[in-house]
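All remarks here apply to the structure that follows.
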Amino acid sequence: MRSTDLLALALAALFAAPLSADAPQVPTEPVKPTPVAADPEAGRRLYDRYCTQCHGAEGKGDGPAAEFVYPRPRDFTLAIFKVRTTLSGQLPTDQDLFHIISEGLPGTSMPAWKKFLTENERWQLVHQVKAFDSLGLFNEEPAKERVVIGAAPEVTPALIAKGKELYQQKKCWQCHGQYGRGDGPSAQGMKDEWGFPIRPVNFTKGWRFRGGDRIEDIYRTFTTGFNGTPMPSFVDAIPAAEDRWALAAFVKSLSRPQKNAQVLKAGHITGEIPADPYAMEWEQAGFADFPLAGQIIKEPRWFKPAHDVITARALYNDKEIALLLEWDDGTQGADQVALQLPVQPAGNEKPYFILGDERRPVDIWRWNAQTGLTRATASGAARQTPRGAGNLSAQGGYRDGQYRVILRRPLKGGEGEVAFEPGGFVPIAFQLQDGDNGEEGLKMALSTWYYLLPQPPMPLSAWFWPLGIGFLALGGELWLARRMRTSARRAA
Amino acid sequence: MMARYTLYLAVALWLAILAGLKYLIHPPMPASVLMIYMTLSTLGILLFVAADEARFQAFLAPLKSVFEGRAPLAAQVLVLAGIPLLLGWGAWLRTAPTWDAPFEPRVVHPEPPSSFSLHGRRIETANLKNPLRLPDPVQLEKYTQEGKTIYYQNCFFCHGDALAGDGHFANAFSPIPANFRDVGTISMLQESFVFWRVATGGPGLPKGATPWLSAMPVWQNLLTEEEIWKAILYIYAGSGSTPRTWDEEAGHEKH
């Protein structure tokens, strides 16, 4: 080694020293080499076929579909990427891009391409995405080190409790909300680096975590941060890895998988159905999730609904039935929920799922955060007739980033409404509107038909066959055993 | 001496067949088919066992020792109590109410009507041909690309980026949007049928195909006739399939 080199090294060490003292203690390892060399022609061809519609011909995120999805497809020209294993502000590794292209981004329109493209094709797309980098950053300062994630510690209640403390201390709640529903005081009005509105993630919806919802993924997300968004890296604020694992375990504990069902089963209770949506009885009632989609079938079409799911519970007693509808909302706004039922059940046949049709009208119960309960009969989107609420009642409110609304009605049907009876399936559909997202009229999120069932207590007759067959078998066995024992004794 | 284990081997074989049919075969077979296979397997095993007198006696020996009271007490209780419990439990599974949604039969590809209304005109379904499926590859490619734009501004939310019926709105709908990559959808349909479906959507279906449930929009309310044909060009090209055609000279259908 020449002496000038030594000098340079010593100087570098001198300047680097104070820096590295501040630098967070994140173990890193060298980036692995890229296994497949670029074939620009193949990359371009694949990109044109599979990616332009969203990311645009020049990678600017302005393809023909871009206006119709939230979040918007990424503009690659600035080379800013969210899901990475590199430190905050750095470029992703080729493996990171390969991972994203393969797995997609859950909760967005960006699909998982591993189902449709070979590994080699996906590597070509990695090279193509990098080729759009207009500032030449991938050439100048490619990522050399990646964060070592390591193995997640065992998740214990103590670890989660520690994570909960850190969640308070490090102010994650300012954006993500006390209960993780994306409703913190700083959640409103944020923009990302590209100038588009952005909202903090709702931690209860694990299936929408773009970086993945395993503990390792969550740990990686706030260790590296999402570049280009208000979601920072927390390596400086939370330097100890075990603290970050605790936080990851806590965030994970807030999320739950989606629980879809075809039938909303109302359980039978003997006393009154509680008016308080936070009452124990409701907690015990069990819930079902009903996924919602934008109403993109009739004009005005609504491509970017705020809500993607509604959660429902139901209870009934001898007089009435009640539904508890819940949905998370980071912005309180003036939301409206609607429950749609046929005016007359007709076996298999149902009204058209969007506000009925001329032959088969629907009964719509609407609760609006500002105007309260209204009710209408509709035989098509354009033919809605308001009607008196009758003996339908509603109460609802907003708390901790979540709306809860109870709708209740006597079991017995009056004029122009279905009757509920134990064991009888009644078609229902859901519609949800977010006031802050400008949703009104046909601009809404909706579902197709499901069923509501007042579930009868298990009838005694249900025991007939199991007990009958069981005892019959036992009797037969005893008879046989007796016979065989006597004949064996006789033989002896 | 293997003979001592005949009964256990038979039971193990039976369980192995059950596990194989249940977990190794994809897609999973319906319960009724599984039931048939298992009944056949049971009969097969019993026949095999009974075919040889010595084997049959070996098979029965453990049962005999239980019923004659020679087996250890624990084994006697296990068998005598276990069999009725198992049978009772089986009966419970079959007869107890599960409160599942009522079964709703739905014809996926109904007979198309002989004619339908398009923008106020009457269209004969039988004579429909895609006017844009031109022999000139340059023209064809241009229309297909235009169809791609139409697809990504109108259809992909439901039918998916890769045309696999898995768009980001797909799981809110039941029935789910058609998967154009599946051999059971557009690749087995004539373009005339597809045009009818796209133009008249879910509400255009006959009663047996549950028009009230399908989220498929009535595209003639939102697109021009030419735009629909372009979108159809693209769903075939994009999914790598070709429409079913009627080969007039040979007189039979081909793909």
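Things to note:
- Inter-chain Cβ neighbour average for residues A:108-119, partner chain, 10 Å: 3
- Alpha-carbon centroids, the stretch B:1-38 and the stretch A:442-492: separation in whole Å: 22 Å
- The slack in the chain from B:L13 to B:T42, taken as 0.36 nm per residue of separation less the alpha-carbon distance, amounts to 9.5 nm.
- Distance from the stretch A:131-170 to the stretch A:56-80 (C-alpha centre basis), Å: 25 Å
- R0 of 60 Å, Cβ-Cβ distance B:R70-B:D100: FRET efficiency to nearest 0.05: 0.80
- Counted by neighbouring Cβ atoms within 10 Å, the residues B:E227, A:E29 run from fewest to most as A:E29, B:E227.
- Under the simplified labelling scheme, the A:R44-A:L411 pair shows an inter-label distance of 7.2 nm, with each label point 7 Å from Cα along Cα→Cβ.
- Length-normalised contact order of the stretch B:140-251 in % [C-alpha pairs under 8 Å, at least 6 apart]: 32 percent
- For the stretch B:47-95 versus the stretch B:174-193, the inter-centroid distance based on Cα atoms is 51 Å.
- Cross-link partners of A:K252 among lysines (Cα-Cα below 16 Å; sequence separation of 8 or more within a chain): A:K162, A:K164, A:K205
- Dimensionless Rg over Rh [the protein assembly as shown; C-alpha; Kirkwood]: 1.04
- Residues A:M190, B:M35, A:M110 arranged by fewest to most Cβ contacts within 10 Å: B:M35, A:M190, A:M110
- For B:T245 and B:V108, the FRET efficiency from 1/(1 + (r/R0)^6), where r spans their Cβ atoms and R0 equals 22 Å, is about 0.60.
- Split chain A at each of the GluC sites (Glu not before Pro) in a DSSP loop with at most 15 other beta carbon atoms within 10 Å, and the longest piece is A:59-153.
- When only Cα pairs below 8 angstrom with a gap of at least 6 residues are kept, chain B shows a relative contact order of 15 percent.
- Over 26 Å between alpha carbons, listed pairs A:K60/A:K191; A:K130/A:K170; A:K115/A:K298; B:K22/B:K64; A:K191/A:K304; A:K82/A:K144: A:K130/A:K170; A:K115/A:K298; B:K22/B:K64
- Estimated at 0.36 nm per residue, the fully extended path between B:E225 and B:S117 surpasses their Cα-Cα distance by 37.7 nm.
- Residues A:H268, B:H119, B:H168, sorted so that the one with the fewest Cβ neighbours within 10 Å comes first: B:H119, A:H268, B:H168
Every read-out reported here was derived from the displayed coordinates using simple, explicitly stated rules and does not represent laboratory data. The structure displayed is predicted, hence computed values, not measured ones. Note that each Cβ is placed from the backbone with ideal geometry, even for glycine, and that neighbours are counted across all protein chains shown.
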